[in-house]
Amino acid sequence: MNQKETPVLRMKNLTVRYGEGCPFCKTSLEKNRCRICGTVWAANDISLEVYPGEVLGIVGESGSGKSTLMQSLYFDLEPTGGEAYLKNYENGEKNIWDASAFERRKIRNNIMGMVYQNPIRGLRMDYSAAGNIAEKIIAAGSRNAGQMTERARELLEAVEILTSRMSEAPKNFSGGMQQRVQISKALANNPSLLLLDEVTTGLDLSVQAKVLDLIRKIKAKYGISILLVSHDLAVIRMLADRTIVMLDGKVIESGLTDQILEDPQHAYTQQLVYSLL
């Protein structure tokens, strides 16, 4: 990874606030809630960069703002403030949160892929596995049925789902298989950035290991950049090149994953690391 390269993603000062806020918010926060006006700061001035071919891990407890960040990036949630720039959108010069509804659909379908913690959010459970992938390809403007079928076959093979099950609906699959279909759908249009939001939560340990190994293979095969959110530092250790630690809507520590694991600076990160040992 050469950090002199143009980042695939640059995020500056992301803020997601529930409430009007008040002059005392910056000094009167109890965790992420203002004691004076009650405003909740779900994301509080978050900045980060993701470089080509890099896995950036985001770790933190429930309510730390990790999923708020991901949902803001994928337009599931409208931020209160901040900027985000994608290398493959307007040469990285236009804030994606200023994009029109049409442009946002284009970004979602061509530049980013999202894998949700709950597969129900990312898949149509009554469509076939191949149909889910085709839906993503159609949304990007393709109408060639033969090419779509071939792409679905290639992607399902890549996530180790038998092509004999292409026509089956994900509702018939196990949780681990549903996540793998979600990953294949997210990759349908060769996105430059893959967003993975707690993709192993709720899976059995053996299934978790298979999904994590699959993500590693996907990264090696496609050279894709990944933003990986988890509350589990073991997952981050396995996959992430760099890591950001979040608490109460803020970034409290960041650096190379090895550095953070071997020499954590913040008391919360130390607690996370020691609980892993």
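Contact map, segment 152-164: residues that are of a type outside the set (Lys, Arg) paired with residues that are open to solvent by 90 Å² or more (accessible area, probe 1.4 Å) and modelled with pLDDT of 90 or more, Cβ distance under 7 Å, separation 6+ or inter-chain. Pairs shown: 163/157. Would you say residue 207 is assigned to a strand (DSSP E or B) and either open to solvent by 30 Å² or more (accessible area, probe 1.4 Å) or over 22 Å from residue 74 (Cβ atoms) (or both)? Considered against the rule, which asks whether it is assigned to a strand (DSSP E or B) and either open to solvent by 30 Å² or more (accessible area, probe 1.4 Å) or over 22 Å from residue 74 (Cβ atoms) (or both), residue 207 comes out as no. Return a yes/no flag: does segment 76-88 have any residue that is crowded, with 16+ Cβ neighbours inside 10 Å and without any contact (Cβ under 8 Å) to a residue 40 or more places away in the chain. No: segment 76-88 contains no residue that is crowded, with 16+ Cβ neighbours inside 10 Å and without any contact (Cβ under 8 Å) to a residue 40 or more places away in the chain.
Every condition in (1) within 18 Å of the chain's Cα centre (by Cα); (2) modelled with pLDDT under 95 holds for residue 42 except the one numbered (2). The numbered conditions (1) modelled with pLDDT under 95; (2) within 17 Å of the chain's Cα centre (by Cα); (3) not hydrophobic (A, V, I, L, M, F, W, C) are all true for residue 91 except (2).
Taking segment 1-18 as the range and being assigned to a strand (DSSP E or B) and open to solvent by 40 Å² or more (accessible area, probe 1.4 Å) as the test, the residues that pass are 10, 12, 13, 17, 18. Selection of segment 221-277 for residues being among the hydrophobic types (A, V, I, L, M, F, W, C), without any contact (Cβ under 8 Å) to a residue 60 or more places away in the chain and either surrounded by fewer than 17 Cβ atoms within 10 Å (Cβ to Cβ) or over 16 Å from residue 197 (Cα atoms) (or both) yields 234, 252, 256, 260, 261, 267, 273, 276, 277.
Within segment 19-39, take every residue that is surrounded by 14 or more Cβ atoms within 10 Å (Cβ to Cβ) and touching a residue at least 24 places away in the same chain (Cβ under 8 Å) and give me the one that is nearest to residue 87 (Cα to Cα). Looking at the filtered set, the residue picked out is 32. Residue 43 fulfils the conditions (1) in a loop (DSSP other than H, G, I, E, B); (2) surrounded by 15 or more Cβ atoms within 10 Å (Cβ to Cβ); (3) not β-branched (Val, Ile, Thr) except for a single criterion, (1).
The values are calculated or read from the model by the stated rules, or taken from the named source; none is laboratory data. This is a predicted model, so every value here is computed, not measured. A quick note on method: Cβ atoms are made from the backbone with ideal geometry, for glycine too, and the neighbour counts reach across all protein chains shown. Accessible surface areas use protein heavy atoms only, side chains included; no ligands, DNA or RNA. Shrake-Rupley method; radii C 1.70, N 1.55, O 1.52, S 1.80 Å.
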